[in-house]
Structure formats: C-alpha cells, structure tokens
1. Ordered by residue, what ³J(HN,Hα) values in Hz, to whole numbers, does the range 212-221 give under the Karplus form 6.51 cos²θ - 1.76 cosθ + 1.60, where θ = phi - 60° and Gly and Pro are x?
2. With the full set of protein chains in place, find how many percent of the accessible area of the range 102-147 is carbon and sulfur; take the probe as 1.4 Å.
3. Given a 1.4 Å probe, how much area per residue of the chain is accessible, in Å²?
4. Show the residues, 5+ positions off or on another chain, whose built amide H is closer than 5 Å to the amide H of residue 263.
5. Would you mind giving the average projected area, over all directions, of the Cα convex hull of the range 166-214 in nm² with one decimal?
6. So if I restrict to the alpha-carbon atoms in the range 174-289, what is the Rg, and what is Dmax, the biggest pairwise distance, in Å?
7. Identify all lysines with a Cα-Cα distance to residue 157 below 17 Å; exclude those on the same chain that are fewer than 8 residues away in sequence.
8. For residue 66, what accessible surface area do you get with a 1.4 Å probe? Give it in Å², rounded to 10.
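The values are calculated or read from the model by the stated rules, or taken from the named source; none is laboratory data. It should be emphasised that the depicted structure is a prediction, and the values quoted were computed from it without experimental measurement. FYI the Cβ positions are ideal-geometry reconstructions off the backbone, even for glycines, and counts take in every protein chain you see. In case anyone asks, the SASA skips ligands and DNA or RNA and just uses the protein heavy atoms, side chains included. Shrake-Rupley method; radii C 1.70, N 1.55, O 1.52, S 1.80 Å.
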Amino acid sequence: MVTRRNFIINTSLAATAVLALPSLAFSMNKKEIGLQLYTLREELPKNVKQTLEKVAASGYTNVETYGFSIKDQFWGLSPVELKKILDENNLKAVSGHYNLGSFLYDGNTVELIAAIEAAKILKHEFLTVPWVDEPFRSIENFKVIASRLNQAAKMCKEAGLKLAYHNHDFEFKKQDGITGYEILLNETDKKLVYFELDLYWVVRSGNDPLKLFKENPGRFKMWHVKDMDKSNQALNTEIGAGLIDFKPFFKEIKQSGMVHFFVEQENNYAGNSFESIKTSADFISKNLI
C-alpha cells in the first residue's frame, strides 16, 4: 500500500509523458478558483461578512458552503442574507455541502427539501452530499444510499439543481471484494448523480485519481484540491507545499468532466487560515491553471 501510495503521490514519468496538450481543452473557466468554506470554519461564525471579504481578496471567485441547518441556517444568516454578502464580494456559491443523513438512512425528506430551497436561493449549480455516518458504511447500506441518491437527484433536477457526492477514504475500503465507492458509481444514474472527488482522500486511501477518471469519464464534475503534509500524511498543508503532484490531474480535466474545484485545508495552517488560503490560491494561479 505504501509503495503504491508513493507512486501515486509522486506520479511516474511514464504516465506524465503521455499527457498531451489537446487534453487541456476543457470547459472550466481557467480564471475561477473555488474555496470550500469549511477551511475557515473557525472564522465564519465570528464574522461572515469580513471572512468572505478576505476570501475574495485572496483570489477566489467561487465558494462551496457547508454547515446549513434548518434551525441555524448559515451561521445565523438566512440563505437570502448570505447570498447578499456573497454578491457584494463577487463570489458565487456554485456548490454547497448539505447533511442529508435522515434522508439517506431513513428516507425522511424534510432536510432534503430544506437543502434544495437553500440551494436555489444561493443559486447553486450542485447540491453535494458530504458524508456517510460510520454505522451506515456497510455494503448493504451503500446500496440503499445509492438508491436514495438517485431519488434525491431527481428532486434536485426538478428544482434546477444537480446532485453530487463527496468522498473521504472510507468509501474505498474493500468489503467482500467490493468497495462502497464502486457501488455508488455503479448503482447511481450516470445522467443524474455526479461526484465531487476529494483528491487528498483518494490518494490517502491508496487509489489513483487518474485511474478513476479513465474508468468513469465525465462523472467527476467537481474536485477538492487538498494537499498532504510531507511529514504527517494525516495532516493537510497549503497547495504546492505537500506531497501531492496536482499537475497530472489538472491535465486530465476534460476526461474527469471537472467544471469546478475547491481548495480545502482542514488543519495544519502554516500561519493562519487566511494566509494559507492566499498561499494556495497563488500557487494554483501560477502553476496549475
């Protein structure tokens, strides 16, 4: 596993050599850099307005929201109020992470309906499922979740939205010769259910994003671009400062189908979180897009 993981992180010269320039033709706006706002989860509850002003000043044009609840909305702000602040800073919330556990596990649509309404107000393109709780990660449960994702995707389509699923590493654990991620890919409607590929977690699990692109072309409409600390692979770091070589992935945007990507850093900031997002945006702008 370690050998394969290092292979993926460092990327073989042979694999890189076959990445020809025509594959750089893709639909993503090359000037757009997104940020998953969970990166600033310590700052947002203190002052949403100032935090989003700093996001825009750091070079980001897109954001991905998180943390919505029916009770507290977004850090005490309604979707309408949040949309106003985003607009004032020329930020587009093209995606949002919404906890749909009660729907995925029990079929209760209350959270899903509320999430769709919030997503419509914020003008999301994608409503993204971010997590599966540990008790529901069996093969049988992944099959149920795949069916529920199909159902949710139909509801999203009717509302003018697209549904996506965001991975961690647990989806890639083998259970009786198959993984939860394989079930989600194989048993969801390719025309309705898309995937947000967290590149860090794919690499951390010992898998290869390029292989996933090749086997499932066009399904990975979004990415999380999150780097891996060199001294402790359980930690993140600023983009360009870690172990993951993102250049081969960005050269295969067309095969992936990626239209939006989001920087995310959950921990291990070099200075503070605002300095880290600026460092990551600068590296991406100069080296990846």
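1. 5, 4, 5, 7, 9, x, x, 8, 9, 6
2. Taking all protein chains in place, the range 102-147 shows 54 percent carbon and sulfur surface.
3. With all protein chains present, the chain gives 45 Å² per residue.
4. Hits under the 5 Å cutoff: 34, 35, 36, 225.
5. Details: hull surface 13.8 nm².
Projected area, direction-averaged: 3.4 nm².
6. According to the Cα coordinates of the range 174-289, Rg and Dmax are 14.9, 44 Å.
7. Output for residue 157: 120, 123, 190, 191, 221.
8. Surface open to solvent at residue 66 totals about 30 Å².
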